[in-house]
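Taking it in order: structure first as C-alpha cells, then the write-up.
Derivation of every value follows stated rules applied to the coordinates shown; laboratory data play no part. Fair warning: this is a prediction, and the values are worked out from it, not measured in the lab. Virtual Cβ from ideal backbone geometry, glycine too; neighbours counted across all protein chains shown.
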Amino acid sequence: MKVAVVTGPGSVELRDEPRPRPGPDDVVVEVAACGLCTMERRLFSGTKRIYPVAPGHEAAGRVVEAGEAAAALDGSPQIGDLVTMDLLTRCGTCRMCRRGRSALCKQPQGGALSDGTISMGAGLSEAVRVAAAQTFAVGEIPVEHATMGEPLACVVHSVRLSGFRSGDRVAVIGAGYMGRLHQAVCRAWGAASVGFVDPSEARRAEAIDAGADRAVAPDELGGPNGWTGGHDVVFVTAGVPGTVEAALDLCDDGGSVVLYGAFPAEVTASVPVDRIHHHELSVIGVYSQEPSDWQTAAGLLRSGVLAPDLDRLVTARYGLADVAVAMDLASSSPVYRVLVG
Ligand SMILES: [Zn+2]
Ligand SMILES: [Zn+2]
C-alpha cells in the first residue's frame, strides 16, 4: 500500500509500505481522507525540518480488520464502522499522563514505518493500524467531517478548560479554521454571542456568513467607539504579539483568556496584573486533547449538530496521488482545511 513521506522542504513522495495487520487490541482502518494541519504545512514548507517523515494525524476511515480482544468489547468500533482516530500516542506512564493530563505527555509521540522512517501519524496513506482505544465511531456522516475529529477534540479541550458555560458571551481572536471550530462548538453549547477579531476582510465576512454576531479588524478594538469588554471567554487562536493584551481588554469581570494558538517562542506580553486580581480574570494555556475530548468530539460529529459549520471549512479535497498539490495549496495560501484521500 502507499503512504506519503515528506523527504525535504517542498518534497513529498508516495512510498510502498506493507499493509498493516492488527494486534489483539488494534484495528486496521482503511483511510478515507486525512486533513492537512499546521504540522504538515510546517514540514512541507521547511519551517520544521524532520526528514524523512510520514505525517498526517487528522485521518478518518472504515475499520476493515479488528483484533480479537478489541472486536469482543462492546463499545469498541467494529468492522465497517466509520471512525475518527487519534494517531498520536501517549505513554500513559509519565507524570503528566498519570495526573490525567496526557495532552502534556513527556514521551515523544508517533512511531516508525517499516523502513524506520519517522511517523507523525502516517495518516496520508491507504490504511493504518491503530489501538482500538484510540478510534471513535462517528456513525454515517460525511468523511470530510469525520477527518475533523482531531482538531475538534482540541477545540473541545480548549472550551472545556476555559470554564465556558451556556449563555456566555464569547470572542475569538483569529477567524481561521481553529477560530471557526471554536465558534461552532460554543454555538452548539449555547453561547449567547460569538464575535471575531481578524485582519482579513474575507475571513471576517465568512465568519459573519457562518453566524458570527460581530467581526472586526484589530484596529477597530478599543478607543471610544471601538469594541471592548463584555466577554466571558476570549479564545486566542492567532498567536501574534499584542493578542493577549487585546484579549484581556475584551474580557468582562470574571472572564477568561484562553491561549489556544501557538506563539513564536520569543513573544511575551505585558498584562494588567491588578486588573487580573481585582476583576478575577484568568489566562489559561491549552494544548492538544485528551481521550475524553475525543469522546465528546466524536459525539458532536455523530449528532450532526456541527454539520453546516464543518461543510464551510472544507477548502479542497485531493486524491492521495495528488498529495503534493494538496500540500502546496495548504502551505502557500490561506485555507481552512485541505483534505487528502
Ligand atoms: Zn491537527
Ligand atoms: Zn506520558
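Each 10 Å bin, from zero up to the one with the longest distance, holds this percent of the alpha carbon pairs of the stretch 48-108: 19, 30, 40, 12, 0. Over all orientations, the stretch 212-341 has a Cα convex hull whose mean projected area works out to 11.1 square nanometres. Hey, what D do you get for the stretch 291-335 in µm²/s if you plug the Kirkwood alpha-carbon radius into Stokes-Einstein at 4 °C and 1.567 mPa s? D, rounded to a whole number, is 102 µm²/s. Fewest-first ordering of Glu245, Glu58, Glu17 by other beta carbons within 10 Å of each residue's beta carbon gives Glu245, Glu17, Glu58. As a rough guide to protection, the peptides 65-76, 226-237, 294-305 ranked by mean Cβ packing within 10 Å, highest first, stand as 226-237, 294-305, 65-76. Both radii come from the Cα set of the stretch 155-285: Rg as radius of gyration, Rh as Kirkwood radius; their ratio Rg/Rh reads 0.93.
Evaluate 2.2 N^0.38 Å with N set to the residue count of the stretch 1-75, then give the Cα radius of gyration divided by it. Walk me through the intermediate numbers first.
Numbers: Rg = 15.1 Å, N = 75, 2.2 N^0.38 = 11.3 Å.
It is 1.33.
Computed from Cα atoms, the angle from the helix 177-188 axis to the main principal axis of the chain rounds to 80 degrees. When the chain is treated as a GNM with alpha-carbon contacts under 10 Å, the residue of Pro18, Pro224, Pro308 showing the greatest mean-square fluctuation is Pro224.
Grouping the Cα pair distances of the chain into 10 Å bins from zero gives a pair-distance distribution of 6, 25, 33, 24, 10, 2, 0 percent in increasing distance order.
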